[in-house]
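Quick notes on the structure that follows.
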Amino acid sequence: MKRLSMAAVAAAMVMTGVAQADTVKVGYMTTLSGSAGTIGKEMQNAVNLAMEHTGGKLGGMDAEVIFADDQRKPDVAKQLANRLVKSDRVDVVAGVIWSNLLMAIHKPVTRSGTLLIGSNAGPSPIAGKDCHPNFVSMSWQNDQTPEGMGKYMQDAGVKSVYLMAPNYQAGKDMMAGFKRHYKGEIVAEIYTKLGQADFQAELSTLRAARPEATFIFQPGGMGINFVKQWHQAGLDQVSKLYSVFTVDNLSLPALQEIALGVVSTQTWSPDLDNDMNRRFVADYKAKFGGYPSYYAAQAYDTMMAIDHAIAKAGSADTEAMRAVLAKGGIPTTRGALAMNSNQFPIQNIYLREAVLDADGMATTKITGTVFENHADAYAADCQF
Amino acid sequence: MTLILLLEQIFNGLQLGVTLFLIAAGLTLILGIMDFVFLAHGAQVMIGAYAAASLTALTGNFYLGILLAIPVTFASGYLLEFLLIRHLYRRSHMDQVLATFGLILFFNELIRIGFGPAALFSSLPASLSGFVTILPETPYPVFRLLVIGVGLACALGIHLLVSRTKIGAMVRAGANNEAMTAALGVNIRVLRRLVFAAGACFAGIAGMMLGPLTAVEPGMGEPLLILSLVVIIIGGIGSVRGAFIAAILIGVVDTLGRVLLPVILRSFMDQAAADGAGPALASMMVYILMSLVLVVRPSGLFPPKG
Amino acid sequence: MTLFHILVDGLARNRLLVVILAGFALFPIYTGIADLPFWNDLAMRIMILGMAAMGLNLVLGYGGMVSFGHAAFVGIGAYAVGISQFYGLDNGWIHVLISLLACGVLGLVIGFLSLRTTGIYFIMITLAFAQMLYFLFISLEEFGGDDGMSIDRADFMPIDLWEPLRLYYLIWVALLCVSLFLMVIVRSRFGVVLEAIRGNESRVEAMGLVPLRFKITGYVISAMICGLAGTMFASWQEYVSPDIMHWTRSGELMIIIILGGIGTLAGPLLGAVAFLLLEEWLPELMHVVAPEYAENWMIIFGPVLIAVVLFARGGLIGLIRRIGGGGS
């Protein structure tokens, strides 16, 4: 694991205020090696940027971030979590991209009395019946973003939709979230193979069905393949494409003009107009050459949340930090974030479109707000 | 599912099939002639895709990019055989599995370091971005037709090479009985190197065809590798003809399976169950097919005799 | 020869294995004193992986059957715990029984269907079955699909797994039992015939034996051992998901066996130690040596594997034997 001693960075900066004797330790777990390494890299960049912005401190205390590479394997994640908690004795474990990895480390970390903050995944068991007070989400619950899309299409009067997602839990969750608010005609609900590269067959069937709209969830490389082939098959003439977690700042560099006009919903966009987000996006672009993705924004928010929690609590005690976070009002790139009773965010869900910015770089732009202060659907099942 | 749609899907299956064939052809010869389990064949696909994408970016011309990428891919295969593979022929299958597995890791990381982990931007020139109406009301992307064309041309080329030329005769003899072929004075070492390089080249061409359609990223070859292994098992190891027939068969079965299965299941299962079982069964289809073939013909459909 | 004699003979012949097992038994004392409790986690992972590799080695190393599907049995063993708990069954001993039964039956069916083929065909058909099981479990939404299932540490009455180190020693005892069992089997008539089949099947047939029966029996036994490893794994990870069954995990088991030394008893265990330590330390090494490329540590790992194949024939055991001047 990589130790990034921010105490050293802090010393190089001019500080006012009293430096505390203790060092706050944060164990940040993400996937740095292997094919998903891009995402982990984004999160790492964002965390480092956050630490720069806070002057190497969290809540006024000297801070150290230990990065842990989970290699996208649940058993490695579990082992790392144990090490972070038992050996490095971190005050907070944060990060985790994937739902299955989060499920694997959720119990051991929360059980040990260490605060676990999620930067991305939000599987429903953790939001509902298997919830634990030591878990706080700084991202979203998996169903929320597609729910926004469902509501938007329902309100916009879209008559028929063709659904496509990969055949795994997240794919099914996305479609379930969508159907919660969309009551129009579902022409077809197609589950493609996980990791599928060529969608020509499905696109042929889609064209024959001529749906008014097509809603897809195809994260990562699958999304790049899909949108490319959609465009090449000329399907823009046939149906309007909507997506979640598919056309975003991570895939746009590979798609560029091809994805222009694709509409998606998301809880964040680089053009969200608040001070923290403007500073974050500008500095991220300057430092790393390209727009940050929502992964990066959520990772940044995670560190800001820890900073806020320790500052308000006056210490890095788990229960004290948790109490502060549960109250909400956390300063993030999405504004002041409110919290649901299960410690998942209550937040706006925005409508976004893929556009070219003034420099010709592809990015997303907010074109409307679908939900204000949207809460997830599982809080009622959660009894701390 | 109208007849027109069915025909279009068969076309799609054909395109998948010829792509699989390009990859499987080299693999079946490597496995058949050299008895070498080359798990890193998927990496050759990746190398071809990256070569074409970067040369296209460099020259600004798609066709030039591909033209230049072909010898690059051939050379990479030639070099790999010379540097490493030839030391592994005498080792057990297990050792070959381990070594080529290590090779996969190495190549993926090399590409990741050289080009970054994110997918490369690759697209088609305007001349290839249009449509052709192959069937009533069915615009079909020109590029995909090109892929089918290239695949069939290569298949014909390989067939002519293997059955009409002297080199081809040596290759066939080698697939049948390597020791005897060597005894007849054929320079087996150079033959192996050429076969290996040719296999890499065809796999690379598959990668170049796939590049504009899919994401050019590290590890893009692995899923195709498994499918190609299935193709050559069904076709019979060492048989190019078998590989072709099996590849088309798998391409069509996989494609039709994916689109027809959910529909078929829905007619006697409820929606939710069909939506769950359909994709799972579709993923398994190819493996089920292979297992059936192996039960009936344990050496594949067209094993070279001897 | 009584069982006692056979065991003593086995232990004498497999000194390295005994040393490794003893090492694992004593390891917690060291980590306790040095206050490095999390290293126990790594050790438990190694023991579990080593157990599964030893199971696969029975058919791969001794029997010459290259099965790409054994990770599926590990998965079945783990899901036996998850699914049992889903239906309210918490007793760990029963989990073990269910796991052995399920893997035994599945091993029998898959083995019977697959062992009609040989060589690369056998490899592929075992891979096919493993993939089918993988896709099956992904589609089982009831049991979490690919998000997996959360698992509670099983109730191994009268042992309370929540007491420190109980889980560690439970896994160790399982490993010990598997090792002793394999020690006996390998030297038994069954083991000798299995190895003979790997060498020359037709000669065995000429002796009037039916090779298929031996191969299937070996396959079933190896499946059950992998299942046991999976059951232990479930209690350790407190979570199970289909990616434990993916064919690349089978590949990992093979790598472990080859790294350690095919067809030896201690090989797979040694290989597991080497493999997991490499996975732990290579990234750290890269951070020190070439920090910008730290995430690309696999670029070293790949060539390491190739080097092992080229220069360390017989794996680590082979290396040790050569250094030790033969013997053991």
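The values are calculated or read from the model by the stated rules, or taken from the named source; none is laboratory data. This is a predicted model, so every value here is computed, not measured. Note: ideal-geometry Cβ built from the backbone for every residue, glycine included; neighbour counts use all protein chains shown.
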Can you find even one residue in the range B:198-208 that is within 14 Å of chain A (Cβ to nearest Cβ) and not charged (D, E, K, R)?
yes
Across the range A:134-163, what is the total count of residues that are free of Cβ contacts under 8 Å to residues at least 60 places away in the same chain and either within 14 Å of chain B (Cβ to nearest Cβ) or within 16 Å of the chain's Cα centre (by Cα) (or both)?
2
Going through B:245, B:288 one at a time, which residue ends up being farther than 22 Å from residue A:218 by Cβ, surrounded by fewer than 21 Cβ atoms within 10 Å (Cβ to Cβ), at pLDDT 85 or above and at the interface with another protein chain (Cβ under 9 Å from one of its Cβ atoms)?
B:288
Just one listed residue, out of C:223, C:229, C:274, C:234, is assigned to a helix (DSSP H, G or I) and farther than 23 Å from residue C:186 by Cβ, and it is C:234
Residue check, residue A:255 surrounded by 22 or more Cβ atoms within 10 Å (Cβ to Cβ), modelled with pLDDT under 85 and not in a helix (DSSP H, G or I):
no
Could you tell me whether any residue of the range A:287-305 is in a strand (DSSP E or B), at negative phi and of a type in the set (D, E, K, R)?
no
Counting just the residues of the range B:248-285 that are polar (S, T, N, Q) and more than 10 Å from chain C (Cβ to nearest Cβ), which one comes out surrounded by the fewest Cβ atoms within 10 Å (Cβ to Cβ)?
B:267
Residue pairs meeting the criteria (Cβ under 9 Å; at least 6 apart or on separate chains; first at positive phi, in the range A:318-335; second part of a loop (DSSP other than H, G, I, E, B))
A:328/A:340; A:335/A:272; A:335/A:274
Could you grab me the full set of residues in the range A:61-79 that are within 9 Å of chain C (Cβ to nearest Cβ), within 14 Å of residue C:237 (Cα to Cα) and either within 19 Å of the chain's Cα centre (by Cα) or not acidic (Asp, Glu) (or both)?
A:73, A:74, A:76, A:78, A:79
Take the residues of the range B:291-306 that are more than 8 Å from every other protein chain (Cβ to nearest Cβ) and surrounded by fewer than 19 Cβ atoms within 10 Å (Cβ to Cβ): which is modelled with the lowest pLDDT?
B:306
Matching option when the condition is part of a helix (DSSP H, G or I), in contact with a Lys or Arg (Cβ under 7 Å, 6 or more places away or on another chain) and modelled with pLDDT under 85, among B:171, B:162
B:162
Output the number of residues of the range A:90-133 satisfying the condition of being more than 9 Å from chain C (Cβ to nearest Cβ) and touching a strand residue (DSSP E or B) at 6+ places or on another chain (Cβ under 7 Å).
19
So residue C:244, is it out of contact with any Ser or Thr (no Cβ under 7 Å at 6 or more places or on another chain), closer than 13 Å to residue C:51 by Cα and surrounded by 24 or more Cβ atoms within 10 Å (Cβ to Cβ):
no
Given (1) hydroxyl-bearing (Ser, Thr, Tyr); (2) within 14 Å of chain B (Cβ to nearest Cβ); (3) in a loop (DSSP other than H, G, I, E, B), residue A:315 misses just (2)
How many residues are hydroxyl-bearing (Ser, Thr, Tyr) and within 17 Å of residue A:372 (Cβ to Cβ) if we restrict to the range A:125-151?
1
Within the range C:125-169, residues more than 27 Å from residue A:72 (Cβ to Cβ) and buried (at least 23 other Cβ atoms within 10 Å of the Cβ) come out as C:125
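For every residue, the table says whether it meets (1) without any contact (Cβ under 8 Å) to a residue 40 or more places away in the chain; (2) over 19 Å from residue A:43 (Cα atoms); (3) hydroxyl-bearing (Ser, Thr, Tyr).
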position: A:98; (1), (2), (3): no, no, no
position: A:104; (1), (2), (3): yes, yes, no
position: A:113; (1), (2), (3): no, yes, no
position: A:117; (1), (2), (3): no, no, no
position: A:120; (1), (2), (3): no, no, no
How many of the residues making up the range A:206-229 are over 22 Å from the mean Cα position of the chain (by Cα), at pLDDT 90 or above and either surrounded by 24 or more Cβ atoms within 10 Å (Cβ to Cβ) or not charged (D, E, K, R) (or both)?
4
Kindly check whether there is at least one residue in the range C:170-181 that is surrounded by fewer than 20 Cβ atoms within 10 Å (Cβ to Cβ), in contact with a helix residue (DSSP H, G or I) (Cβ under 9 Å, 6 or more places away or on another chain) and of a type in the set (Ser, Thr, Tyr).
no
For residues that are more than 24 Å from residue A:42 (Cβ to Cβ) and among the hydroxyl-bearing types (Ser, Thr, Tyr), scanning just the range B:86-122, find the one that is farthest from the other protein chains (Cβ to nearest Cβ).
B:89
Could you check, for the range C:148-160, whether at least one of its residues is in contact with a Gly (Cβ under 9 Å, 6 or more places away or on another chain), more than 14 Å from every other protein chain (Cβ to nearest Cβ) and among the charged types (D, E, K, R)?
yes
Select from the range C:284-328 the residues that are assigned to a helix (DSSP H, G or I), under 26 Å from residue B:93 (Cα atoms) and among the small types (Gly, Ala, Ser) and write down the one among them that is farthest from the other protein chains (Cβ to nearest Cβ).
C:318
Within the range A:166-185, which residues are at the interface with chain B (Cβ under 10 Å from one of its Cβ atoms) and of a type in the set (A, V, I, L, M)?
A:175
Any residue that is in a loop (DSSP other than H, G, I, E, B) and surrounded by fewer than 23 Cβ atoms within 10 Å (Cβ to Cβ) - is there at least one of those in the range C:41-63?
no
Quick check on residue A:253: is it touching a residue at least 40 places away in the same chain (Cβ under 8 Å), within 11 Å of chain B (Cβ to nearest Cβ) and out of contact with any helix residue (DSSP H, G or I) (no Cβ under 8 Å at 6 or more places or on another chain)?
yes
Which condition number does residue B:164 fail, the rest of (1) over 26 Å from residue A:221 (Cα atoms); (2) within 12 Å of chain C (Cβ to nearest Cβ); (3) basic (Lys, Arg) being met?
(2)
